[in-house]
Amino acid sequence: MQTTDTVLMIEPIAFGFNEQTAVNNYFQVQQEGNVQEKALQEFHSFVEKLRVKGINVITIKDTIEPKTPDSIFPNNWVSFHADGKVVLYPMFAENRRLERREDIINQIKEQFDVTEIIDYSKIENEDKYLEGTGSMIFDHNSKIAYGSVSLRLDEELFRKFCAEFGFTPVVFHSYQTAGEERLPIYHTNVMMCVADKFVVICLDCIDDESERQNVIDSIKNSGKELIEISEDQMQNFAGNMLQVQNNSGEKFLVMSQSAYKSLKPEQVSAIEKYSEIIYSDLETIETNGGGSARCMLAEIFLPKK
């Protein structure tokens with residue numbers, strides 16, 4: 001299945017600008033004021049909007065120690081698969097490695113069957129990283145994984161993961177304009193979203209023509225409609241979306257308010273052919289954390305007990 005009705009979200013307790021990730025996350029801007037308080041309000045509002053639609057949201061609170069300012073983005077360190085496997089990932093920033101918590105896995109085990117935990121995290125010692133469904137975008141229907149090479153996605157490790165999990169890798173490089181420079185995009189999921197019947201993507205970020213065409217061909221061959229967004233829309237997190245479903249099987253595309261406001265009417269119409277849109281104000285989280293709605297949702301495909 002491409003979509004799940006259950007997601008894990010981590011309630012922030014000390015959210016803030018992370019200097020360790022800002023070195024290659026060009027979306028981050030440090031704000032003044034009570035960032036944690038604003039982020040917590042945004043978090044609770046977002047959770048409520050999902051639950052009202054019948055989506056199962058498991059929330060677990062972060063801890064004061066160790067200090068993990070980015071814990072609100074759990075999809076980078078863990079993924080939960082339909083065959084009962086749980087995967088732990090190698091993280092670029094040292095303080096993000098502290099987000100991996102055994103007690104979170106144990107709480108998930110109370111409701112779901114876990115057959116195996118696969119731990120790639122030790123590869124951090126080789127300075128190789130693969131930040132979960134931030135760096136990899138899965139087309140579960142077609143068993144394709146899309147990955148944009150960056151310091152957060154090591155190509156060799158990505159191909160190894162795909163071989164072990166039965167995905168066909170589609171590798172490319174994507175860039176964003178930061179000041180006067182063209183710099184690598186830190187996570188694939190800020191410029192691309194794969195849903196059950198469509199793909200939202202910023203093709204302008206793929207500078208190499210042959211790589212761009214390869215991605216287009218892969219999407220079209222998978223039978224999904226391609227909905228293109230501009231780089232300006234991508235900068236507003238319009239690529240950072242996730243399709244989920246509720247207990248009745250109704251499909252929703254989840255995004256931030258800034259992403260939704262950046263979309264043109266025809267793009268909204270194209271999406272709404274397939275999914276109702278849920279959007280929420282995540283401005284504080286987006287600005288300081290450099291991630292948006294999709295980053296906050298760790299999908300749980302595990303078999304339920």
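None of the figures in this text is laboratory data; all of them are computed from the coordinates on show. These numbers come from a predicted model, not from an experiment. All Cβ positions, glycine included, derive from the backbone under ideal geometry; neighbour counts span all protein chains shown.
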Paramagnetic label zone (point 7 Å from Cα along Cα-to-C-beta, GLU48; backbone N under 17 Å) in segment 235-258: 257
P(r) weight above 22 Å for segment 228-305, C-alpha pairs, percent: 25 percent
Shape of segment 131-236, Cα gyration tensor, a/c cut at 1.5: oblate
Label-point separation in nm, SER230 to ASP207, each point 7 Å along Cα→Cβ: 2.1 nm
Charge sum, other residues only, whose C-beta stays under 10 Å from ILE118's C-beta, Lys/Arg counted +1 and Asp/Glu -1: -2
Helix-only [θ]222 nm of the chain, DSSP H runs n ≥ 4, -39500 (n - 2.57) each, per residue, nearest 500: -7500 deg cm²/dmol
Positive minus negative residues near ILE60 (Lys, Arg vs Asp, Glu; Cβ under 14 Å): -2
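Express in nm, to one decimal, how much length is gained between LEU151 and THR168 on full extension, taking 0.36 nm for each residue of separation and deducting their alpha carbon distance.
Difference between extended and current length: 4.0 nm.
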Sequence-distant residues sharing a close amide H with TYR129 (under 5 Å, placed H): ASP154
Cα coordinate range in segment 188-254, projected on the principal axes (Å, largest first): 42, 28, 15
Calculated from backbone phi, Karplus (6.51, -1.76, 1.60) coupling profile of segment 47-59 in Hz, x at Gly/Pro: 4, 5, 5, 6, 5, 4, 8, x, 8, 7, 10, 8, 10
Whole-angstrom gap from segment 214-260 to segment 79-113, using each part's C-alpha centre: 25 Å
Calculated FRET efficiency for the pair LYS273/LYS304, C-beta based, R₀ 30 Å, to 0.05: 0.50
Length-normalised contact order of the chain in % [C-alpha pairs under 8 Å, at least 6 apart]: 25 percent
Kirkwood hydrodynamic radius over Cα pairs of the chain, then Stokes diffusion coefficient at 4 °C and 1.567 mPa s, in µm²/s: 68 µm²/s
Anchor LYS197: lysines whose Cα lies under 21 Å away (excluding residues fewer than 8 positions away in-chain): LYS53, LYS143, LYS220, LYS224, LYS251, LYS264, LYS273
Karplus (6.51, -1.76, 1.60) ³J(HN,Hα), θ = phi - 60°, over segment 298-303, in Hz, Gly and Pro reported as x: 9, 5, 10, 9, 4, x
Local electrostatic count at LEU50 - Lys and Arg +1, Asp and Glu -1, tallied over other residues with Cβ under 15 Å: -3
Given 10 as the ceiling on other Cβ atoms within 10 Å, longest exposed-site-free region of the chain for GluC sites (Glu not before Pro) in DSSP loops: 181-305
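If one computes P(r) from the Cα atoms of segment 45-196, what percent of pairs lie at distances over 20 Å?
55 percent
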All lysines inside 16 Å of LYS304 as judged from Cα atoms, apart from same-chain residues fewer than 8 positions distant: LYS85, LYS109
Karplus 3J(HN,Hα) series, Hz, for segment 220-225 with 6.51 cos²θ - 1.76 cosθ + 1.60 (x for Gly, Pro): 5, 5, 7, x, 9, 6
